[in-house]
Amino acid sequence: MIQFPLLEYDDTENRYVAMHHPFTSPMDEDVDKLTTEPLAVRARSYDLVLNGNEIGGGSIRIHRSEMQSQVFSALNIGPEEAEEKFGFLLEALQYGAPPHGGLAFGFDRLIMLLTGRDSIRDVIAFPKTQKAACLTTQAPSSVTATQLL
């Protein structure tokens, strides 16, 4: 597949969820479908695959606040939840982020495959901090009871 869908429907949660991440930009020609045909919207995302294993991935990110709001709306993420979970990013968008994208090469995943390990955690050299927390995003964050099942 070369044109990945932006969204998929999660029957358990009864809502659309992001196929890549909620900051992936939709294809320009599909934006109007966000409210009418969400499953027909294609993402501006890409993966690097080696023998059926994803070893890298990326996307063109949303860089406009109004587009991010449209995608959050399609994902049934309201303004309060968006602020709680992604306030740092939403604030950055207010300052005029330029169009941007990226590719994260999964060197750690490649090492996992080369060493025959079952988990990427076996080969990650060190966490973001000694407490495995991210100071920028406040991860790990609280989870819902449903996520713990």
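Among the numbered conditions (1) out of contact with any Gly (no Cβ under 9 Å at 6 or more places or on another chain); (2) within 14 Å of Phe23 (Cβ to Cβ), tell me where Glu81 comes up short.
The number of the failed condition is (2).
Among the residues of the range 106-116, write down those that are surrounded by fewer than 14 Cβ atoms within 10 Å (Cβ to Cβ) and either at pLDDT 90 or above or of a type in the set (S, T, N, Q) (or both).
Leu114, Thr115, Gly116 - these are the residues of the range 106-116 that are surrounded by fewer than 14 Cβ atoms within 10 Å (Cβ to Cβ) and either at pLDDT 90 or above or of a type in the set (S, T, N, Q) (or both).
To keep it simple, each residue is scored yes or no on (1) out of contact with any helix residue (DSSP H, G or I) (no Cβ under 8 Å at 6 or more places or on another chain); (2) farther than 24 Å from Gly96 by Cβ.
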{"residue": "Pro26", "(1), (2)": "no, no"}
{"residue": "Val31", "(1), (2)": "no, no"}
{"residue": "Glu37", "(1), (2)": "yes, yes"}
{"residue": "Ala40", "(1), (2)": "no, yes"}
{"residue": "Arg44", "(1), (2)": "yes, no"}
{"residue": "Gly52", "(1), (2)": "yes, yes"}
{"residue": "Arg61", "(1), (2)": "yes, no"}
{"residue": "Ala74", "(1), (2)": "no, no"}
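Inspect all residues belonging to the range 25-46 and state whether any of them is over 30 Å from Tyr95 (Cβ atoms) and outside any loop (DSSP other than H, G, I, E, B).
yes
Out of the range 1-20, which residues are at pLDDT 95 or above, aromatic (Phe, Trp, Tyr) and either closer than 14 Å to Gly58 by Cα or buried (at least 18 other Cβ atoms within 10 Å of the Cβ) (or both)?
Of everything in the range 1-20, just one residue is at pLDDT 95 or above, aromatic (Phe, Trp, Tyr) and either closer than 14 Å to Gly58 by Cα or buried (at least 18 other Cβ atoms within 10 Å of the Cβ) (or both), namely Tyr16.
Surrounded by 11 or more Cβ atoms within 10 Å (Cβ to Cβ), under 20 Å from the mean Cα position of the chain (by Cα) and farther than 23 Å from Val31 by Cβ, is that true of Thr144?
Against the criterion (surrounded by 11 or more Cβ atoms within 10 Å (Cβ to Cβ), under 20 Å from the mean Cα position of the chain (by Cα) and farther than 23 Å from Val31 by Cβ), Thr144 does not qualify.
Would you confirm whether any residue within the range 67-77 is polar (S, T, N, Q) and either more than 16 Å from the chain's Cα centre (by Cα) or in a strand (DSSP E or B) (or both)?
Scanning the range 67-77, I find no residue that is polar (S, T, N, Q) and either more than 16 Å from the chain's Cα centre (by Cα) or in a strand (DSSP E or B) (or both), so the answer is no.
With respect to Leu39, is the statement that it is over 22 Å from Gln138 (Cβ atoms) and out of contact with any Cys (no Cβ under 6 Å at 6 or more places or on another chain) true? Quick ask: steps written out before the conclusion?
Details: over 22 Å from Gln138 (Cβ atoms): yes; out of contact with any Cys (no Cβ under 6 Å at 6 or more places or on another chain): yes.
Against the criterion (over 22 Å from Gln138 (Cβ atoms) and out of contact with any Cys (no Cβ under 6 Å at 6 or more places or on another chain)), Leu39 qualifies.
Anything in the range 21-39 that is surrounded by fewer than 19 Cβ atoms within 10 Å (Cβ to Cβ) and in contact (Cβ under 8 Å) with a residue 24 or more places away in the chain? List them, or say none.
So the first thing to find is which residues in the range 21-39 are surrounded by fewer than 19 Cβ atoms within 10 Å (Cβ to Cβ), and the list is 21, 23, 27-33, 35-37, 39.
If the condition is that a residue be surrounded by fewer than 19 Cβ atoms within 10 Å (Cβ to Cβ) and in contact (Cβ under 8 Å) with a residue 24 or more places away in the chain, then His21, Phe23, Met27, Asp30, Val31, Thr35, Leu39 are the ones that fit.
Assuming Phe23 fulfils every condition listed in (1) farther than 29 Å from Ser119 by Cα; (2) within 12 Å of the chain's Cα centre (by Cα) apart from one, which condition is it?
(1)
Do we have any residue at all in the range 82-92 that's hydrophobic (A, V, I, L, M, F, W, C), more than 23 Å from Thr12 (Cβ to Cβ) and assigned to a strand (DSSP E or B)?
Checked against the condition, which is being hydrophobic (A, V, I, L, M, F, W, C), more than 23 Å from Thr12 (Cβ to Cβ) and assigned to a strand (DSSP E or B), the range 82-92 yields no hits at all.
Given Gly52, Gly56, Gly78, Gly96, which one is more than 22 Å from Thr137 (Cβ to Cβ) and either modelled with pLDDT under 90 or surrounded by fewer than 18 Cβ atoms within 10 Å (Cβ to Cβ) (or both)?
Gly52
The values are calculated or read from the model by the stated rules, or taken from the named source; none is laboratory data. Quantities reported herein were computed from a predicted structural model and do not represent experimental measurements. Heads up, the Cβs are rebuilt from the backbone with ideal geometry, glycines too, and the neighbour counts pull from every protein chain shown.
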